[in-house]
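Quick notes on the structure that follows.
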Amino acid sequence: MPGIDECLLHAMRLPGVRGAALVDWTSGLALGTVGDAAGDDHETAAAETAELARMVAEHPTFAPVGTAGGPETDHGKTPPVEDLVVTTRTCYHVLRFVETSFDSSVLLHLWLDRADGNLALARLRMRDLTERLVLE
């Protein structure tokens, strides 16, 4: 079971990855970073990523179909979405919410070069990494 550093190093092995971060999306703090930072500053990127994640996680518009539409599901343990994909003309930003046995507010942010990255592969590998991630 990988910890934060090992998870980020595994994420960097994906084709086209420019940087990765594990972020607490309630506080905006980077729990770990590796590679380049989107916008050249890891702390600013973490805060801005967290702001986007909070918008999605806290709005009932994005709740799974057939639920009450509250801001959280599973009795407050997981946000209503699995991941977010933001595309620009040159890159992809993939944010994957980490499910844990405790009230988690952590996500994995992967920044991929659009010309070299494989979005489908990145999403599959991120799911695997976050399922095996050990947070202490």
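Take the Cβ atoms of His59 and Thr100, set R0 to 30 Å, and the FRET efficiency comes out at 0.85. Using a probe radius of 1.4 angstrom, the carbon and sulfur fraction of the accessible surface of the chain is 49%.
Protein heavy-atom accessible surface, 1.4 Å probe, per residue over the chain: 55 Å². Working from Cα positions, state the angle (0 to 90°, nearest 10) between the long axis of helix 42-57 and the longest principal axis of the chain. The helix 42-57 is inclined about 30 degrees to the chain. Taking the chain as the reference, fit the longest principal axis to its C-alpha atoms, fit the long axis of helix 119-132 to the helix C-alpha atoms, and give the angle between the two in degrees, 0 to 90, nearest 10. Helix 119-132 sits roughly 60 degrees off the main axis of the chain. Other residues whose C-beta falls under 14 angstrom from the C-beta of Arg127 contribute a net charge of -1, scoring Lys and Arg +1 and Asp and Glu -1. Enumerate the whole-percent occupancy of each 10 Å bin, from 0 to the last occupied one, for all C-alpha pair distances of the chain. Here the calculated profile for the chain is 13, 45, 34, 8, 0.
The values are calculated or read from the model by the stated rules, or taken from the named source; none is laboratory data. As the structure is a prediction and not an experimental result, all values here were calculated from the model. Cβ coordinates were reconstructed from backbone atoms using ideal geometry, including for glycine residues, and neighbour counts include every protein chain displayed. These area figures cover heavy atoms from the full protein model, side chains too; ligands, DNA and RNA do not enter into them. Shrake-Rupley method; radii C 1.70, N 1.55, O 1.52, S 1.80 Å.
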